[in-house]
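Notes to accompany the following structure.
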Amino acid sequence: MAAALQVLRHLARAPLSPLLWGGPLARLASSMALAEQARQLFESTVGAVLPGPMLQRALSLDPDSGQLKVRDRSFQLQQNLYLVGFGKAVLGMATAAEELLGQHLVQGVISIPKGIRAAMESAGKQEMLLKPHSRVQVFEGAENNLPDRDALRAALAIRQLAEGLTADDLLLVLISGGGSALLPAPIPPVTLEEKQTLTKLLAARGATIQELNTIRKALSQLKGGGLAQAAYPAQVVSLILSDVVGDPVEVIASGPTVASIHSVQDCLHILNRYGLRAALPRSVKTVLARADSDPHGPHTCGHVLNVIIGSNALALAEAQKQAEALGYRAVVLSTAIQGDVKSVAQFYALLARVAGARLTMPGAGASVEEDEQLYELAAELQLPDLQLKEALEAVVGTRGPVCLLAGGEPTVQLQGSGKGGRNQELALRVGAELGRWPLGPIDVLFLSGGTDGQDGPTEAAGAWVRPELISQAAAQGLDVAAFLAHNDSHTFFCRFQGGAHLLHTGLTGTNVMDAHLLFLQPR
Ligand SMILES: Nc1ncnc2c1ncn2[C@@H]1O[C@H](COP(=O)(O)OP(=O)(O)OP(=O)(O)O)[C@@H](O)[C@H]1O
Ligand SMILES: O=C(O)[C@H](O)CO
């Protein structure tokens, strides 16, 4: 068995040759090769948005004059630079910032996920690690993306640094996804535990990140512009790596340097929608009631420059280039995939069927009903930037392999107590859907991966599937529907073919939502 795997691994790495297509062994090899290409493409997607290069693109320093340019603004540096940061990608961002601006840096504090330094060290990613005598103090916390005591300590240290600044100082704020959990500073009398419980409940009931972060902002000292307020009168430049669809700066990490525009009424609507209003702790009610009568009104952020330095769109653009270099006709479908994971899975499976039919039977295509169903599903998902028509038109004129790329963040409404993540659940659902119809003479592979390298509370980044999933799982005695009913996608993929369909990258040090890759390869 091990020897067979060795051979397959070797085949998987071998360059693709037309002679490989056809025959059972060749089909297995080609399927391995396709999986290997999918993995490589996912790695390229992530590679395009690693923190160092993005930061270097956003900042330029004139070493003689000490002028720092960010977009069209200039700032005079003169040992007056401070740095704070919070988020999954912030270690690499801080390392790059210190490398570039170190001679002006007085002090820094960052809050990053527990274990990320060790993970970077063991992966040999030196470019993600601060130097031994760095001026940046590091706090690690928020295990499993939930605010904890360590993250609270970090948030207090960040607040203290910000509050000590003067009008001559410049505060560089490094922000990336996961920042909300890494910067918890609940407004008393709300406790950390209460905030944690409320966040968990909202997330488990399927609240969107916009809704979740509206509540987080209302209960926090630093979110919703609170950090910018604390740093006033210093100048503030926030460099933001987006992990939210549409790159809204007020939502990413709950906008600590963006004035919040939400009212208490907005919060109450959200709490009502998820059936949480009646059970609210007294402390939360107190803080919301106080906000209503706050004489100072919302924070003002006129002294802040917020700049998005990287996003899902940037990552997919690179993946598209790489896919084209591999010989695929590659189209970016959307960078705003949102909605319930079940509908998103149906969409991808139907897309594979409709696009696959156009690819293998030009002129014939899938049935008119299937086309209509696909457009209806797309309309239900309300994806603002969806290039569906363009993608299908591109497929018609193509004889060779096609790769459709998309990004975003579907929502999972947790019903079971199984182990899984958004990406593994999406992949499993797509696999189950793909098995429902014959797809014709075409190889299909769908991959879904979180660019941060960690899908939910699991060690995998995601998974990939093929239409044979259901039958192969059944042959192993695995009932896909039963795993899905318990949101147990990770357990499924660990057991299915010895975990071969799991995507393992380790923590990547970046975070621009998820990437979805759909490969269609005529046989
Ligand atoms: N058993 C499960 N099956 C499917 N999805 C799950 C499961 N457990 C958690 N999730 C989902 O995983 C997500 C949380 O995972 P993760 O920590 O990777 O979030 P994230 O959105 O990447 O974090 P951030 O946006 O802060 O970077 C939630 O959307 C949650 O619904
Ligand atoms: O930290 C957060 O709030 C999410 O990752 C969205 O940015």
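Overview of results
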| item | result |
| --- | --- |
| Whichever residue in the range 178-196 is outside any loop (DSSP other than H, G, I, E, B), in contact with a Ser or Thr (Cβ under 8 Å, 6 or more places away or on another chain) and more than 14 Å from ligand 2 (Cβ to nearest atom) and, among such residues, is farthest from I240 (Cα to Cα) | E194 |
| Test: K223 is without any contact (Cβ under 8 Å) to a residue 60 or more places away in the chain and either part of a helix (DSSP H, G or I) or within 12 Å of ligand 1 (Cβ to nearest atom) (or both) | no |
| Any pair with Cβ under 6 angstrom, 6 or more apart, that starts in the range 197-212 at a residue that is closer than 17 Å to S242 by Cα and free of Cβ contacts under 8 Å to residues at least 40 places away in the same chain and ends at one that is assigned to a helix (DSSP H, G or I) and open to solvent by less than 40 Å² (accessible area, probe 1.4 Å) | L212/L202 |
| Criterion violated by L439 - all others in (1) within 27 Å of L326 (Cβ to Cβ); (2) without any contact (Cβ under 8 Å) to a residue 40 or more places away in the chain satisfied | (2) |
| Unmet requirement for T458, which otherwise passes all of (1) touching a Lys or Arg at 6+ places or on another chain (Cβ under 9 Å); (2) surrounded by fewer than 16 Cβ atoms within 10 Å (Cβ to Cβ); (3) polar (S, T, N, Q) | (2) |
| Residue ranges of helices (runs of 4 or more DSSP H) in the range 443-498 with at least 2 members basic (K, R) and in the same structural domain as F347 (by the TED database) | none |
| When residues of the range 141-172 are limited to those that are outside any loop (DSSP other than H, G, I, E, B) and touching a Gly at 6+ places or on another chain (Cβ under 7 Å), the one nearest to ligand 1 (Cβ to nearest atom) | N145 |
| Number of positions in the range 145-158 that are away from ligand 2 (no atom under 13 Å from the Cβ) and open to solvent by 10 Å² or more (accessible area, probe 1.4 Å) | 7 |
| Residues located in the range 232-275, provided they are more than 16 Å from ligand 1 (Cβ to nearest atom), open to solvent by less than 10 Å² (accessible area, probe 1.4 Å) and within 21 Å of L59 (Cα to Cα) | A234, V236, V237, S238, L239, T257 |
| Test result for G327, in contact with a Gly (Cβ under 7 Å, 6 or more places away or on another chain) and surrounded by fewer than 22 Cβ atoms within 10 Å (Cβ to Cβ) | yes |
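Table: residues versus (1) over 23 Å from the mean Cα position of the chain (by Cα); (2) aromatic (F, W, Y); (3) more than 16 Å from ligand 1 (Cβ to nearest atom).
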site	(1), (2), (3)
R353	yes, no, yes
L381	no, no, yes
E390	yes, no, yes
G408	no, no, no
V430	no, no, no
L445	no, no, yes
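The values are calculated or read from the model by the stated rules, or taken from the named source; none is laboratory data. In this text, all values refer to a predicted model and were calculated from it rather than measured experimentally. For neighbour counting, all protein chains shown are included, and Cβ atoms are generated from backbone atoms with ideal geometry for every residue, glycine included. Heads up: the accessible areas ignore ligands, DNA and RNA and are worked out on the full protein's heavy atoms, side chains in. Shrake-Rupley method; radii C 1.70, N 1.55, O 1.52, S 1.80 Å.
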